[in-house]
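Encoded as structure tokens, the structure appears first; notes follow it.
The values are calculated or read from the model by the stated rules, or taken from the named source; none is laboratory data. Because the structure is predicted, anything quoted here is derived from the model rather than measured. Quick reminder, even Gly has a Cβ in these numbers, built from the backbone with ideal geometry, and neighbours come from all protein chains shown. Side chains included, ligands, DNA and RNA excluded: accessible areas come from the protein's heavy atoms. Shrake-Rupley method; radii C 1.70, N 1.55, O 1.52, S 1.80 Å.
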Amino acid sequence: MTPESDETEGGRSLAVLPPPAQREAPRAAPTAERSLVIVANRLPTQRVGRGAEARWELSPGGLVSALEPALSRRGGVWIGWSGASGEAPGPFRAGRIENIPVPVSRREVAEFYEGFANRTLWPLLHDAIRQPVFERRWWETYRKVNRRFAEAAATSAARGADVWIHDYQLLLAPAMLRALRPDVRIGFFLHIPFPPVELFSRLPWAEQVVEGVLGADVAGFQTAGDAANFRRMARDVGAGTTTGEVVRVEEREVVAREFPISIDVSRQAALASAPAARMGAERLRESLGRERQILLGVDRLDYTKGIEQRLCAYRSLLRSGRARIDRHVLVQIAVPSRENVREYREARRRIEGLVGEINGQHGEVGRVAVHYLRRSLKPDRLAAFYRAADVMLVTPLRDGMNLIAKEYVASREHEDGALALSRFAGAARELSGAVMCNPHDVEGLAESIGQALEMSADEAAARMRRMRAAVAEHDVHRWAGGFLKELGRDRRRSSEA
Ligand code: G6P
């Protein structure tokens, strides 16, 4: 399948429309062993190098490392978008994963990805902390691109395969795939929150979206609250009846429950205790000033992450004298994200304005109050920051889970350090040892950060031990294994029926 030829890059047309007969989903021959198909908006790879040196590398990350073993054992494929608009490259292998790129045209990037996914669904599902935008055209394009992903999965899946579809960009794909391939088992996992009925009902297409997800056999959510919201929504639009965690849709049963995602704990622990991270942390402490406590924030530059509120809270601590430039320093790493979306550009402007204001008011020559790094860091470099930080600030206004909180905890081999964690992050359900905070209340947030800074070493250690035990027990391998087991269990139940 090829997107419409509306692509131009540097004035050059990239996509040439093939005759209609060739316009079909990317194909990988179904084989008996190809029994697991992952479908996500993003491929698990990134293109590195240029020209003849260009190659695909697996992106570092928990999801990839959790699914790689199962994909390689079961001979599976990963279907996704490369991140570039226009014609997609053919299927390729990276590491042990076979990638099947789905093309997304430039117009579709604007309407499906930046529009419906990131200006309609993203804010709506994060409790409408920005006004969601409803555009009929975006919805049509969202449906069209979801169908393309579903077709790619239908073409690639072996008979009776497990197909696991991920996240809010592909809410319609489960039902579309079921219509094409009733023989496969379909899992769906939502990585972001699912809001209460009163909020979700604002979406003009709420019913179609719920029916899209109910095309799955297992629908997974980050928390029990998200799953309950979804089940209530399913009842509300009359898409099914519910008993406990099961939604009955005509003759089918859909399990809709929580599967809280996690990180690759041993990989993170190894990164953080490696010589590079030890030395990196030493250098950071040295250059920031050994007498200062280091506060750290690491986020995609997204308005849901509460970076602005965090900066305001820190400013309030500086103003009141509870934080002092000679005793404290805040390091904020902000990873550029979705920069073509207006709300993200606005968030960046406000954040950078605040950083300038705080440093202007409280900084000294050779010593700033906030170090602001707008870039992404490799996992080993990030591990040095986690190792150096005395207090980790994870203060989203709303977040599905937040893996940064878990990475920090897994990196603290000496069982020290404190975590200030928003109660609106899914991670708050598991990390009860954190100092819980409400980022919607800036003065309250300042108080929580103050508590984390002033916590006794004994208390911090007791809390950190509790959090480390929780994270160690539920790592991402257990998450993936648990979800796939449920998908398999469901299969047995249906075939017995
Ligand atoms: C969140 C979403 C993912 C998304 C990621 C990066 O974690 O849940 O689905 O891939 O952000 O965002 P991007 O828009 O760059 O894919």
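Evaluate the following for GLY90: is it within 14 Å of the ligand (Cβ to nearest atom) and either in the same structural domain as LEU177 (by TED's automatic domain parsing) or not β-branched (Val, Ile, Thr) (or both)? Criteria not met by GLY90. Checked against (1) away from the ligand (no atom under 13 Å from the Cβ); (2) surrounded by fewer than 19 Cβ atoms within 10 Å (Cβ to Cβ); (3) farther than 26 Å from GLY481 by Cα, SER85 meets all criteria but (2). Residue count for the stretch 157-184, restricted to those that are within 19 Å of GLY488 (Cα to Cα), in a helix (DSSP H, G or I) and open to solvent by less than 20 Å² (accessible area, probe 1.4 Å): 2. Among residues of the stretch 140-157 that are within 9 Å of ALA173 (Cα to Cα), those with a beta-carbon under 9 Å from a residue that is part of a helix (DSSP H, G or I) and among the basic types (Lys, Arg) at least six positions away or on a different chain give the pairs ALA150/ARG178.
For ASP302, are the conditions met, namely being acidic (Asp, Glu), in the same structural domain as ALA427 (by TED's automatic domain parsing), at pLDDT 95 or above and in contact with a Ser or Thr (Cβ under 6 Å, 6 or more places away or on another chain)? So ASP302 fits the description; yes.
Restricting attention to the stretch 364-409, the residues that are open to solvent by less than 30 Å² (accessible area, probe 1.4 Å), of a type in the set (Gly, Ala, Ser) and away from the ligand (no atom under 16 Å from the Cβ) total 5. Looking at the stretch 32-46, which of the residues that are within 12 Å of the ligand (Cβ to nearest atom) and either in the same structural domain as LEU271 (by TED's automatic domain parsing) or part of a loop (DSSP other than H, G, I, E, B) (or both) is farthest from ASN146 (Cα to Cα)? That would be PRO44. Every condition in (1) open to solvent by less than 10 Å² (accessible area, probe 1.4 Å); (2) more than 16 Å from the ligand (Cβ to nearest atom) is met by PHE189 except one, and the failing one is (2). Only a single item in (1) more than 27 Å from ASN438 (Cβ to Cβ); (2) without any contact (Cβ under 8 Å) to a residue 24 or more places away in the chain is not met by ARG324, and it is number (1).
For the criterion of being open to solvent by 10 Å² or more (accessible area, probe 1.4 Å), within 22 Å of THR395 (Cα to Cα) and over 19 Å from the mean Cα position of the chain (by Cα), GLU486 fails. None of ALA154, ALA150 is of a type in the set (Gly, Ala, Ser), open to solvent by 10 Å² or more (accessible area, probe 1.4 Å), outside any loop (DSSP other than H, G, I, E, B) and over 29 Å from ARG342 (Cβ atoms) except ALA154. Has the stretch 420-428 got at least one residue that is open to solvent by 40 Å² or more (accessible area, probe 1.4 Å) and either within 16 Å of the ligand (Cβ to nearest atom) or part of a helix (DSSP H, G or I) (or both)? The answer is yes, given that some residue of the stretch 420-428 is open to solvent by 40 Å² or more (accessible area, probe 1.4 Å) and either within 16 Å of the ligand (Cβ to nearest atom) or part of a helix (DSSP H, G or I) (or both).
Taking the listed residues ASP167, ASP162, the one that is on the phi > 0 side of the Ramachandran plot, assigned by TED's automatic domain parsing to the domain that holds GLU108 and either in contact (Cβ under 8 Å) with a residue 60 or more places away in the chain or in contact with a Pro (Cβ under 7 Å, 6 or more places away or on another chain) (or both) is ASP167, with no other qualifying. Note on the stretch 192-231: residues that are more than 16 Å from the ligand (Cβ to nearest atom), open to solvent by 10 Å² or more (accessible area, probe 1.4 Å) and under 19 Å from ASN402 (Cα atoms) total 2. Kindly indicate whether GLU53 is modelled with pLDDT of 95 or more and either open to solvent by 50 Å² or more (accessible area, probe 1.4 Å) or of a type in the set (D, E, K, R) (or both). So GLU53 does not fit the description; no.
Looking across the stretch 445-468, the residues that are over 14 Å from SER320 (Cβ atoms) and free of Cβ contacts under 8 Å to residues at least 12 places away in the same chain come down to SER456, ASP458, GLU459. Scoring ALA234 on the criteria (1) of a type in the set (A, V, I, L, M); (2) away from the ligand (no atom under 16 Å from the Cβ); (3) part of a loop (DSSP other than H, G, I, E, B) leaves a single failure, condition (3).
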